Amino acid sequence: MNSFTRSLLLLLFVGWASVARAGVEILEFQNPEQEQQYKTLIHELRCLVCQNQNLADSNADLAKDLRHQTYEMISQGKSNQEIVDYMVTRYGDFVLYRPPVKPMTLALWIGPFVLLVIGLVILLNFVRRSRQAAQTEMSDADRARAERLLNEQENQQR
Amino acid sequence: MNRYLIPLGGFIALVVLLAVGLKLDPREVPSPFIGKPAPAFTLPQLHATDATVSVAELKGKVWILNVWASWCVACRSEHPLFVEFAKQNPITLVGLNYKDERADALRWLEYYGDPYTYTAVDREGGVGIDWGVYGVPETFVIDKQGVIRYKQIGPVTRETLQDKIIPLLRELEALPG
């Protein structure tokens, strides 16, 4: 096995291992719907300590506690909405990994599209203006001058 | 002249937005509890194992809840301020010992000083979750009606104490219980 193959294999193993999720506590559920509910919820809730991760990915103590809390509430038969409300009451909207669409977050959701449209409008304007400039008719004097210059150049090249 | 004004204006607006954004701390999650009643709890005390501390008993008083732990390094920076504050002010200071071992907590208080009127033991962190605690230290100010009026995320500094907390305490003390 040459060093290239070895490096490639190492890269593959490291890549595969890094996909392993942090939320790997062994939990028992009463039925598969609850297990699915748990999986969905821990991906939709944010870890407040490692704020770029959801509860499923985070190793933080708080994430472990909140996963446990989620599990407890699911076992008690609470609905998704009830569990989300529980978390939002205590931690605010930020605990939702996907920001809710509210008047306050409208700018966040729509902003990029608005900027894209503005950018396109400016681009189109620019293209149209430069094309107009290129299509201007030359005056007769300019045309004569251009012909003279081109003839001069041809004569020089011969 | 107009051609340059529009992109310039846009650029300046963007710079202003970025400057404001850079000043904000993304780790600070505003508490949804400001202006809402403090979540109830009844917890055992650290020093007297058969006694309890509960939010209900503290109605009628302005009080401070300070969430700390012996494993929390940042708590050590704010603790001397609380020790000094407690000596000069008769206010009820409740410590919430968060996810800690009793022996460690007692030893920590003995070493660094104990400013707390009561210390409640939240062994599993359940009360912490109820209060929306996500990182120690955190400090709450609660008024006579049991409503949370202020939350400090991270260690309390001398400036915060003097500019925000002490004036707030004075204001809340003046209100009827």
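State yes or no: is B:Trp71 open to solvent by 80 Å² or more (accessible area, probe 1.4 Å), hydrophobic (A, V, I, L, M, F, W, C) and within 14 Å of chain A (Cβ to nearest Cβ)?
Working: open to solvent by 80 Å² or more (accessible area, probe 1.4 Å): yes; hydrophobic (A, V, I, L, M, F, W, C): yes; within 14 Å of chain A (Cβ to nearest Cβ): yes.
Spelling it out, B:Trp71 is indeed open to solvent by 80 Å² or more (accessible area, probe 1.4 Å), hydrophobic (A, V, I, L, M, F, W, C) and within 14 Å of chain A (Cβ to nearest Cβ).
When A:Glu82 is tested against (1) at pLDDT 90 or above; (2) within 14 Å of chain B (Cβ to nearest Cβ), only condition (2) is not met.
When B:Val156, B:Val147 are screened for being aliphatic (A, V, I, L, M), modelled with pLDDT of 90 or more and surrounded by fewer than 18 Cβ atoms within 10 Å (Cβ to Cβ), only B:Val147 passes.
Please verify whether the stretch B:120-131 includes one or more residues that are in a helix (DSSP H, G or I) and small (Gly, Ala, Ser).
Step one: of the stretch B:120-131, the residues in a helix (DSSP H, G or I) are B:126-130.
The next check asks that each one be small (Gly, Ala, Ser); those that pass are B:126, B:128.
Within the stretch B:120-131 (the criterion being in a helix (DSSP H, G or I) and small (Gly, Ala, Ser)), the answer is yes, since at least one residue qualifies.
The single residue among A:Met104, A:Met73 that is of a type in the set (A, V, I, L, M, F, W, C), within 14 Å of chain B (Cβ to nearest Cβ), closer than 30 Å to B:Phe33 by Cβ and open to solvent by 50 Å² or more (accessible area, probe 1.4 Å) turns out to be A:Met104. Can you say whether A:Tyr91 is within 13 Å of chain B (Cβ to nearest Cβ) and surrounded by 13 or more Cβ atoms within 10 Å (Cβ to Cβ), as far as the supplied structure shows? Criteria met by A:Tyr91.
Scanning the stretch B:53-97 for residues that are part of a helix (DSSP H, G or I), polar (S, T, N, Q) and in contact (Cβ under 8 Å) with a residue 40 or more places away in the chain gives a single hit, B:Ser77.
Of the residues screened, A:Arg129 is one that is within 13 Å of another protein chain (Cβ to nearest Cβ), under 30 Å from B:Leu14 (Cα atoms) and open to solvent by 80 Å² or more (accessible area, probe 1.4 Å). Taken together, the residues in the stretch B:1-59 that are of a type in the set (Phe, Trp, Tyr) and either under 29 Å from B:Ala105 (Cβ atoms) or under 24 Å from the mean Cα position of the chain (by Cα) (or both) amount to 2.
Taken over the stretch B:112-134, the criterion of being within 14 Å of chain A (Cβ to nearest Cβ) and touching a Lys or Arg at 6+ places or on another chain (Cβ under 8 Å) is satisfied by B:Asp122, B:Arg123, B:Glu124, B:Gly125, B:Gly128, B:Ile129, B:Asp130, B:Trp131, B:Gly132. Within the stretch B:8-23, residues that are without any contact (Cβ under 8 Å) to a residue 40 or more places away in the chain reach no partner that is open to solvent by less than 90 Å² (accessible area, probe 1.4 Å) and aliphatic (A, V, I, L, M) with beta carbons closer than 8 Å at six or more positions or on different chains.
The set of residues in the stretch B:25-55 being within 14 Å of chain A (Cβ to nearest Cβ) and charged (D, E, K, R) consists of B:Asp25, B:Arg27, B:Glu28, B:Lys36.
Against the criterion of being over 25 Å from B:Thr157 (Cα atoms), in contact with a helix residue (DSSP H, G or I) (Cβ under 7 Å, 6 or more places away or on another chain) and either within 12 Å of chain A (Cβ to nearest Cβ) or buried (at least 18 other Cβ atoms within 10 Å of the Cβ) (or both), B:Leu58 does not qualify.
Specify the residue that is farthest from B:Val156 (Cα to Cα); the eligible residues are those in the stretch B:12-45 that are in a strand (DSSP E or B) and open to solvent by 70 Å² or more (accessible area, probe 1.4 Å). My answer is B:Thr42.
B:Gly9 passes all but one of (1) assigned to a loop (DSSP other than H, G, I, E, B); (2) loosely packed, with under 12 Cβ neighbours inside 10 Å; (3) within 14 Å of chain A (Cβ to nearest Cβ); which number fails? The single condition B:Gly9 does not satisfy is (1).
Can you find a residue in the stretch B:136-144 that is within 26 Å of A:His68 (Cα to Cα), open to solvent by 10 Å² or more (accessible area, probe 1.4 Å) and within 15 Å of the chain's Cα centre (by Cα)? Give the derivation first.
Keep residues of the stretch B:136-144 that are within 26 Å of A:His68 (Cα to Cα), which gives B:136-140.
Remaining after also requiring open to solvent by 10 Å² or more (accessible area, probe 1.4 Å): B:136.
In the following step, the residues that additionally are within 15 Å of the chain's Cα centre (by Cα) were identified as B:136.
The answer is yes, given that some residue of the stretch B:136-144 is within 26 Å of A:His68 (Cα to Cα), open to solvent by 10 Å² or more (accessible area, probe 1.4 Å) and within 15 Å of the chain's Cα centre (by Cα).
The values are calculated or read from the model by the stated rules, or taken from the named source; none is laboratory data. Nothing here was measured: the structure is a model prediction, and the numbers come from that model. Don't worry about glycine lacking a Cβ; one is built from the backbone with ideal geometry, like all the others, and counts go over all protein chains shown. Note: accessible area is taken over every heavy atom of the protein model, side chains too, but ligands, DNA and RNA are not part of it. Shrake-Rupley method; radii C 1.70, N 1.55, O 1.52, S 1.80 Å.
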